[in-house]
Amino acid sequence: MMRWLLLGVLIGLLISYPSLLGLLLAVAAVLLSKPVAVAFGLGLAVRVHLPYLRRRAR
């Protein structure tokens, strides 16, 4: 539900202020041009879904 509300707000802002689309695309291009930042973000996103592995007792 919250995801749809945020998406609606984003679309409303983009319709109200068309220049925000260019700004949003510029920010996305800058962030995607840095491979370390992209790898770190993907690692954070994947880490949430991985199971927690504990060490075995010897």
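FYI, it's all coordinate maths here, none of it is from the lab. Everything numeric here is computed off the predicted structure, so don't read it as measured data. Reconstructed Cβ throughout: ideal geometry from the backbone, glycine too, with neighbour counts over all protein chains shown.
Sum -39500 (n - 2.57) across every DSSP H segment of at least 4 residues in the chain, then divide by the residue count to get the 222 nm mean residue ellipticity, nearest 500. Each step should come with its number before you reach the end.
Working: 3 runs with 42 residues, N = 58.
For the chain, the value works out to -23500 deg cm²/dmol.
Take the Cβ-Cβ distance between residue 46 and residue 5 as r, set R0 to 30 Å, and report the resulting FRET efficiency rounded to the nearest 0.05. Mind dumping the intermediate values first?
Details: r = 26 Å, r/R0 = 0.87.
My answer for the efficiency is 0.70.
Residue separation times 0.36 nm, minus the C-alpha to C-alpha distance between residue 28 and residue 15: what's the value?
In short, 2.8 nm is gained.
Taking square-rooted eigenvalues a ≥ b ≥ c of the alpha carbon gyration tensor, is the chain rounded, prolate or oblate, where a/c under 1.5 means rounded and, failing that, a/b exceeding b/c means prolate? Intermediate values should be presented prior to the final figure.
Details: a/c = 8.73, a/b = 1.95, b/c = 4.48.
Taking the square roots of the gyration eigenvalues as a ≥ b ≥ c, the chain is oblate.
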